[in-house]
Amino acid sequence: MSRATDAAALAAMFGLVGRVALVTGGAVGMGRASAVALAAAGATVILADEEERLPRGREIAAELGAEAIAVDVTSEASVAALFSDIGDRHGRLDILVNAVVLNHNRSTLEIDAAEWDHVQAVNLRSAFLATKGAVRLMRRAGGGRIVNMTTIGSRHPVLHGNGAYSASRAGLNQFTLNCALDFAADNITANAILPGAIITETVAANVPRSGPGTDRARMLHGYGTPEDVAGAVLLLAGPAGRYISGQMIAVDGGFLIS
């Protein structure tokens, strides 16, 4: 096969030209890496993030030829306005990556109900709100892909003090499975990526923690990077992932099997 043929075959598997992708939490970390990968594959990318991160989001968007939009993912009205804007300007949405995250590591006995509720709102309710908006636009396009970022801590406790965070992510896992079932007839896939110890701008390696998740020897190459996760996003969002749905894919350097 010629190089041109190889490139065409690769584009047929992973190319996203003509697709519109929304990445919530797209200004930093795994959201940012996902946006970069989707843009590189040819998608029109929209980064949505909170107002205080939007300057960073605009910088990234400018580099990618993408868009940056402020959104409060916990607000039904704000999320609805985001999807209304996408619908008006693009007429469709093909890919939703729910990468927004509130990292949280505090003992259950130290947090109050309001703090617990806020963690659930950012990490779980936001995906519910975004999915409702996305599915309506995906139906217009004849199908779509939903990719939800959760954590390996949703499957197996890895750090002390992760109760609220892990519970929110476990809920998102189950919501993902239900979406895969509910929207299969619409040609919409839904999958969850379960990152392991990924170091980002908001997750420092030197923050004191306790639990098996702190043992780097249990993970291939130690800590991971956001780019390690972006490859899985590209697989699930592209043509190569058309027959993958209802899956929870760990990107954790082998931690869960250790």
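Quick note: the coordinates plus some simple rules give every number you see, no bench work behind them. Everything quoted here is computed from the prediction, not taken from an experiment. Here the Cβ positions follow ideal geometry from the backbone for every residue, glycine too, while neighbour counts run over all protein chains shown.
A few points about this structure:
- SER75, SER166, SER245 arranged by Cβ crowding within 10 Å, fewest neighbours leading: SER75, SER245, SER166
- Dipole magnitude for region 3-257: about 700 debye, using +1 per Lys or Arg Cβ and -1 per Asp or Glu Cβ, origin at the Cα centre.
- Between VAL97, VAL17, VAL229, the Gaussian network model of the chain with springs among Cα atoms under 10 angstrom shows the greatest mean-square fluctuation at VAL17.
- Cβ-based charge dipole, region 3-257, positive-most Cα from GLY57, ALA11, VAL229: ALA11
- For region 1-106, the average shadow cast by the Cα convex hull is 8.3 nm², which is a quarter of the hull's surface.
- When only Cα pairs below 8 angstrom with a gap of at least 6 residues are kept, region 3-257 shows a relative contact order of 21 percent.
- Cβ-placed point charges (K, R +1; D, E -1), dipole of region 137-258 about Cα centre in debye, nearest 20: 160
- Given +1 at the Cβ of Lys and Arg, -1 at the Cβ of Asp and Glu and no other charges, the dipole of region 1-107 around its Cα centre is 360 debye to the nearest 20.
- With Cα atoms defining each centre, region 223-254 and region 38-97 are spaced 21 Å apart in the structure.
- Placing unit charges on the Cβ atoms of the charged side chains and taking the dipole of the chain about its Cα centre, the candidate lying farthest along the positive direction among TYR243, LEU129, GLN174 is TYR243.
- Here the sum of -39500 (n - 2.57) over DSSP H runs of 4 or more residues, divided by the residues of the chain, equals -13000 deg cm²/dmol at 222 nm, to the nearest 500.
- Percent of C-alpha pairs per 10 Å bin, the chain, short to long: 7, 32, 37, 19, 4, 0, 0
- Listing ILE193, ILE199, ILE257 from fewest to most neighbouring C-beta atoms within 10 Å gives ILE257, ILE199, ILE193.
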